[in-house]
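Here the structure comes first, spelled out in structure tokens, and everything after it is commentary.
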Amino acid sequence: MAEPSRTLPQAIGQMTILWNDCQAIVFALFFRLLGVDLPKAKSIFFSITNDRTQRSATSALLATSASDVAARASKAIDAFGGLSGARNAFVHASWHFPEGTAVPTNWLDTWAKQIGGDPLKKCEELIANLEQHYATLKGLEQEMRALPAQDQAPQDTFSLPLQQGNAQTASSGLARQQGDAPSQSRPHQPSDQK
């Protein structure tokens, strides 16, 4: 029997790097869609401390775009996330390297279903799957980059309750309620009083 081209620890290392590469493309999509500078995008995305929620936030942003690329990217992110159980099995298993053997064992028998009887073979399969997901996500990110920049909403479409002039509007509304001022027909504006 031929000697494997790498050991299980080497395969787990490569798989982990590939996982992080895919997750970095998820961030690139998040950054592209958020429309803010890189430091702001990084502070938001990486304040989310787990990969699943980072993917969910990115998918939510993708859902705001009507482009076909965004829909395909969201599906690709979901498919990539579907590999998290297998990834977690290798990363979080309690590996033991018995003396005299090159074959590690999962000594607590945790994750046995995901790892199977031949952990190296299973990890190699996961690496192949991650390589495909990486290529797909990278291609979609490049397509998104080629799209015209998303139109930014005009600033006046969202107004905070403390706009200038609201105090006057609130005062006249209070006076009308107390019967001190004639009622005027004005569009509703949010009050700055709590």
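The values are calculated or read from the model by the stated rules, or taken from the named source; none is laboratory data. Please read these numbers as outputs of a predicted model, since none were measured by experiment. Glycine gets a Cβ as well: all are built from the backbone with ideal geometry, and neighbour counts include every protein chain shown.
A few notes on this one:
- Of all the criteria given as (1) surrounded by 15 or more Cβ atoms within 10 Å (Cβ to Cβ); (2) under 13 Å from the mean Cα position of the chain (by Cα); (3) farther than 21 Å from G82 by Cβ, the one not satisfied by S59 is (3).
One line per residue, one yes/no per condition, for (1) touching a residue at least 40 places away in the same chain (Cβ under 8 Å); (2) touching a strand residue (DSSP E or B) at 6+ places or on another chain (Cβ under 9 Å); (3) not in a helix (DSSP H, G or I):
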residue: A60; (1), (2), (3): no, no, no
residue: A86; (1), (2), (3): yes, no, no
residue: Q114; (1), (2), (3): no, no, no
residue: G117; (1), (2), (3): no, no, yes
residue: K121; (1), (2), (3): no, no, no
residue: E124; (1), (2), (3): yes, no, no
residue: E131; (1), (2), (3): yes, no, no
residue: T136; (1), (2), (3): yes, no, no
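- Which numbered condition Q23 fails, given (1) closer than 26 Å to E124 by Cα; (2) loosely packed, with under 15 Cβ neighbours inside 10 Å: (2)
- Positions within segment 62-107 being touching a Phe, Trp or Tyr at 6+ places or on another chain (Cβ under 6 Å) and either outside the structural domain of L18 (by TED's automatic domain parsing) or not hydroxyl-bearing (S, T, Y) (or both), in sequence order: R87, A89, A93, H96, P104
- Filter result for the condition that a residue is at positive phi and surrounded by 12 or more Cβ atoms within 10 Å (Cβ to Cβ), over G13, G35: G35
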